[in-house]
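Accompanying notes for the structure given below.
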Amino acid sequence: MNRRRVFAAVFFSVVIIAILGVIVGAEIESAGQTISVLRLRTAVQRGDVYSTADVDVVPLRIAPGDLNYATPGSVAAGARFALPLQPGDLLSPDELEAPGAATEITLSVINPPPVQSGQSIDIFAAVQESQVLIGHAVPVVDVSGGQFTVLVSSQEELAWVEVAASSAPLHVVVSVAAGPTGLPPANVQDAICELAPGDCAGLASPLPATAPASSGSPTPTPTPSP
């Protein structure tokens, strides 16, 4: 009888240990896994070429299926950062542009504003008597006087090469957060009224192209009698 009891006790102990092992294994699997990911050690700008000197390799515990992080060896040579990042940011594939997605073009700019590499600019080209926006939020890679090296889409490379090789005058301004919307003004009068709608609201006719300076207050347009 004692032997049977000992055998039964051992058998049930083994079964309980096996069950506990299965439960612990399932908990570990559901809790995720530890992988090595890339963390920025230096600040980078949009358009900068990725370098292993910019990152540290750190362990990260993630849930199953959550693999939206760049891992050591996963970044192709020549990839560029798609947006500015700060030290401590974890790098994800969405924050990188594949090699060839953008190409460098050097443009000659007239009366360039103070711009540094890493900033973004809006580029305007003169077409007849108008200034046409041809590039919004274009990353600047390098600046040397009036020579701006910028990053443009590889799909538009030939058009930009033609612009760079031409004598078309180019002007740039530091890019704002959002691009212009709507259609460009048809003429200078419309442009002025777009910038100062309150002053144009009471005018019966468009502003003249040129108006002499006056020291007095503007005369209001008379209202027609009913």
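The values are calculated or read from the model by the stated rules, or taken from the named source; none is laboratory data. Everything numeric in this text was worked out from a predicted model, so none of it was measured. Here the Cβ is made from the backbone with ideal geometry for all residues, glycine too, and neighbour counts use every protein chain on show. Keep in mind that these areas ignore ligands, DNA and RNA; they rest on the heavy atoms of the full protein, side chains included. Shrake-Rupley method; radii C 1.70, N 1.55, O 1.52, S 1.80 Å.
Remarks
- Filter result (within 23 Å of Q116 (Cα to Cα), open to solvent by less than 70 Å² (accessible area, probe 1.4 Å), modelled with pLDDT of 90 or more and part of a loop (DSSP other than H, G, I, E, B)) within the stretch 36-78: T42, A43, Y50, S51
- Screening S144 against (1) surrounded by 15 or more Cβ atoms within 10 Å (Cβ to Cβ); (2) among the hydroxyl-bearing types (S, T, Y); (3) modelled with pLDDT of 90 or more leaves a single unmet condition, (1).
- Among the residues of the stretch 147-176, those that are at pLDDT below 90 and either at positive phi or not aliphatic (A, V, I, L, M) (or both) comprise S153, S154, Q155, E156, E157, S166, S167, P169, S175.
- The set of residues in the stretch 80-104 that are farther than 17 Å from Q155 by Cα and in a strand (DSSP E or B) comprises F81, L85, L90, L96.
Yes or no, residue by residue, for (1) among the hydroxyl-bearing types (S, T, Y); (2) closer than 19 Å to R41 by Cα:
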{"site": "P59", "(1), (2)": "no, yes"}
{"site": "T106", "(1), (2)": "yes, no"}
{"site": "P112", "(1), (2)": "no, no"}
{"site": "S120", "(1), (2)": "yes, no"}
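- Of residues in the stretch 79-103 being surrounded by 14 or more Cβ atoms within 10 Å (Cβ to Cβ) and either in contact with a Cys (Cβ under 6 Å, 6 or more places away or on another chain) or among the acidic types (D, E) (or both), the one farthest from A164 (Cα to Cα): D89
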